[in-house]
Amino acid sequence: MNFGADNLFKKLKAVLLARPVYYDIITPINPWQEKWVGKINKKQAMKQHEDLSDALEKEGVECHFLKPIEGKTNQINTRDVGVISAEGAIVASLKKSVRVGEEMAFVDFCNEHKIPILNKNMEVKFEGGDFFFIDQTNCLLGIGPRTQVSAKIIQKLLKKTKIQLIHHDSPHHLDAIFNIISKDLVVCHEKYLNEKSFEYLKGKRIRTFSDEDIETMPSNFLLIEENKILADSEPHSFNRKLEKEGVEVIEVDVSELKKSGGSIRCMTLDVLRG
């Protein structure tokens, strides 16, 4: 199969999802999950996941699905298990014990589709929610509670010449407080990140959100192509602000799925852009 999602600003052509077959919240691993323990409507979650894949396919994005692993209640958040470049895949090492083992379905997917695993027999302590490809040369790597890998390791594996580190203390991943819409427009949480936080923000138009917004995860959208995003419908007023910036916003309801602590970007792993 064709693979490689190195250039964020190219059209998204394929993603990797995981159906919520075993989705539940039993052991909360982030603040968003705590109030939803034992309160998941599994029928609604499955319907919303089908709506998500339908919305992607309507945009010409091919959807691939990981094999469900019994007992892995957070597996719907496929973003975290790795990244796929034109060189191959890096398999993540998930920090939370309840999630350890999810990455094996990703390994099986890569082996089945002949995607080389770049860190074979090598543990890399990072999660995909803390990582952004920019282009064939540049990447952003969030260093936070769940990612403590050195830039040199990622640089060597992906053959990238420039990796910018973004240190954050969000209890979640970088993509819960930051995302990219175009070469000159980004969104971020004003408490965690500002123009002085890291080089990539310099000269960009920055649209911020606050603690009042963060539970709806307005930054956790999926970039389909420059200035076009697939976003959860709940951060409705923030989505309207983005539209005023010239952004095309396609909304889908993932309210039940989002109780896991991740929204649409968390639930999708880029396989191919081009």
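Some notes on this structure:
- Given (1) touching a helix residue (DSSP H, G or I) at 6+ places or on another chain (Cβ under 8 Å); (2) at pLDDT 90 or above, index of the condition Leu201 fails: (1)
- The residues listed here are Gly4, Gly38, Gly82; of these, the one that is modelled with pLDDT under 95 and on the phi > 0 side of the Ramachandran plot is Gly38.
- Hits in segment 132-171 (condition: of a type in the set (S, T, N, Q) and either in contact (Cβ under 8 Å) with a residue 24 or more places away in the chain or surrounded by 22 or more Cβ atoms within 10 Å (Cβ to Cβ) (or both)): Gln136, Thr137, Asn138, Thr147, Thr161, Gln164, Ser170
- Screening Pro171 against (1) closer than 15 Å to Phe131 by Cα; (2) assigned to a loop (DSSP other than H, G, I, E, B) leaves a single unmet condition, (1).
- Going through (1) within 28 Å of Ile143 (Cα to Cα); (2) more than 17 Å from the chain's Cα centre (by Cα); (3) assigned to a loop (DSSP other than H, G, I, E, B) one by one, Val21 falls short only on (1).
- Filtered by the rule that a residue be within 16 Å of Glu50 (Cβ to Cβ) and either exposed (fewer than 15 other Cβ atoms within 10 Å of the Cβ) or of a type in the set (S, T, N, Q) (or both), segment 249-262 gives a lone residue, Ser255.
- When every residue of segment 92-114 is checked against the conditions, at least one turns out to be of a type in the set (Lys, Arg), surrounded by fewer than 23 Cβ atoms within 10 Å (Cβ to Cβ) and at pLDDT 95 or above.
- Single unsatisfied condition, Val98 versus (1) within 29 Å of Lys183 (Cα to Cα); (2) in a helix (DSSP H, G or I); (3) of a type outside the set (S, T, N, Q); (4) more than 18 Å from the chain's Cα centre (by Cα): (1)
- Verdict on Ser255 being assigned to a loop (DSSP other than H, G, I, E, B) and closer than 21 Å to Leu16 by Cα: yes
- Gly246 meets the conditions (1) assigned to a loop (DSSP other than H, G, I, E, B); (2) surrounded by 15 or more Cβ atoms within 10 Å (Cβ to Cβ) in every case but one. The failed one is (2).
- For segment 66-83, the tally of residues that are within 22 Å of Glu123 (Cβ to Cβ) and buried (at least 24 other Cβ atoms within 10 Å of the Cβ) stands at 9.
- Residues satisfying the stated conditions in segment 222-241, i.e. in contact with a Lys or Arg (Cβ under 6 Å, 6 or more places away or on another chain) and either surrounded by 20 or more Cβ atoms within 10 Å (Cβ to Cβ) or in a loop (DSSP other than H, G, I, E, B) (or both): Leu222
- Phe106 meets the conditions (1) in contact (Cβ under 8 Å) with a residue 60 or more places away in the chain; (2) out of contact with any strand residue (DSSP E or B) (no Cβ under 6 Å at 6 or more places or on another chain); (3) not aliphatic (A, V, I, L, M) in every case but one. The failed one is (2).
The values are calculated or read from the model by the stated rules, or taken from the named source; none is laboratory data. Bear in mind that the values here come from a model prediction, so they are computed numbers and not experimental data. With ideal geometry, Cβ positions are generated from the backbone for all residues, glycine too; neighbour counts draw on all protein chains shown.
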